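The values are calculated or read from the model by the stated rules, or taken from the named source; none is laboratory data. What you are looking at is a predicted structure, and each value in this text was computed from that prediction instead of being measured. Positions of Cβ are backbone-derived with ideal geometry, glycine not excepted, and every protein chain shown enters the neighbour counts. All accessible areas refer to the heavy atoms of the entire protein, side chains included, with ligands and DNA or RNA removed. Shrake-Rupley method; radii C 1.70, N 1.55, O 1.52, S 1.80 Å.
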Amino acid sequence: MNGISFVKTDLLNIAYEDRGARSGFPVILLHGWPDDVRTWDGVVGRLNEAGYRTITPYLRGFGPTRFRETSVMRSGQVSALGSDVIEMAQALRLDQFALVGHDWGARAAYIAASECGEHISHLVTISVGYGTNNPDQQLPLLQIRNYWYHWYFSLPRGIDLVTNSRRQLCKFLWESWSPTWQFREADYLMTAPSFDNPDWAEVTIHSYRHRWGYAEGDPHYSMLEHRLSSVPRVTVPTLLLHGDADACNDPVTSANKESLFLDRYERKLLPNIGHFPQRENPKTVADEILTWLQNKP
């Protein structure tokens, strides 16, 4: 296990791992749901060898990250996740940095890039297309099937599943979302304790209920939610990586997003890769990230 550091934002005490030379250009890598910082273990070493400093935080509700006050709403709305990234970078006094995000982390990264793009040199997102948070969006039948858990979590049975059978649930989702990947039990067991965070279930349930309009958001993010409702264009050079065997977010959900980006934008499909490319083929993902980072704006 790598050493864990902590940084305080307005609402959180964020746990993170800081690797590589402190003088290196910083790259923040954001994990998704249900996952944690171990998802980047096969990637950060390559970035560190190339001279980059890597910062991998535990998102709100995961691992050692904690809310600072009991009175703070345990919101999982994506605007909160994006705000956390911005506040963390500010607290660490990072004026310029690159941002990599997977799943929830990708949604947070898009928001951070739309809000403070002048501080972000490059953006790499994995498994999630931009502009896919609208509760009124039309989904193909295949994606409706994929998102069964989004709506199931709004039912009492779904809440019970998240609360009381979280490890079985998350392992089932790993197996379902990456049908071509045979992960090691030991790898799952290294990450599963992050789901024991006392706020994990509440943050999870609120995230999916809010995303589809079944729960009110935290008023703290009302102004940001208003700005995001128009899907602001991203001005940061952006690379999207998406496995063509992703059984969580079908690749069709990330297609045809070019108009949402005002700088360079590339979308690459990774053959025979499911929802967790950085775990399934870390070398390819690391190479793609390095190539993108070394491509000057």
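Share of carbon and sulfur in the accessible area of the chain stands at 51%, probe radius 1.4 Å. As an equivalent ellipsoid, the chain spans semi-axes of 25, 22, 21 angstrom, where each value is the square root of five times an eigenvalue of the C-alpha gyration tensor, largest first.
Ranked from largest, the principal axis spans of the Cα set of the range 152-297 equal 47, 43, 25 Å. Using all Cα-Cα distances in the range 234-297, what percent lands in each 10 angstrom bin from 0 up to the longest? All Cα pairs considered, the percentages come to 21, 48, 30, 1. Taking amide H as placed 1.01 Å from N in the peptide plane, the amide H of Leu30 sits under 5 Å from that of Val100, Gly101, His102, each at least 5 places away or on another chain. Listed by chain and number, the aspartates and glutamates placed with their C-alpha closer than 19 angstrom to that of Lys257 are Asp103, Glu115, Asp136, Asp244, Asp246, Glu266; residues fewer than eight positions away on the same chain are left out.
Using the Stokes-Einstein relation with a Kirkwood hydrodynamic radius computed over Cα pairs, the translational diffusion coefficient of the range 18-171 at 10 °C and a viscosity of 1.306 mPa s comes to 94 µm²/s. Selection among Ser23, Ser79, Val100 by position relative to the dipole of the chain gives Ser23 as farthest towards the positive end (Cβ unit charges, Cα centre). Taking all protein chains into account, the per residue accessible area for the chain stands at 42 Å² (1.4 Å probe). Rounded to the nearest whole angstrom, the semi-axes of the ellipsoid equivalent to the range 58-131, taken from the Cα gyration tensor as √(5λ), stand at 21, 15, 10, largest first. Considering only Ala112, Ala186, Ala91, the mean-square fluctuation computed in a Gaussian network model of the chain, springs between alpha carbons under 10 angstrom, is largest for Ala186.
For the range 117-165, taking the reciprocal of the average inverse distance between every pair of different Cα atoms yields a Kirkwood hydrodynamic radius of 13.8 Å. For the pair the range 196-234 and the range 87-132, the centres of their Cα atoms are 17 angstrom apart. Legend: Rg and Dmax of the range 152-231, from Cα coordinates, 15.5, 43 Å.
Counting only Cβ charges, +1 for Lys and Arg and -1 for Asp and Glu, the dipole size of the range 1-134 around its Cα centre is about 200 debye.
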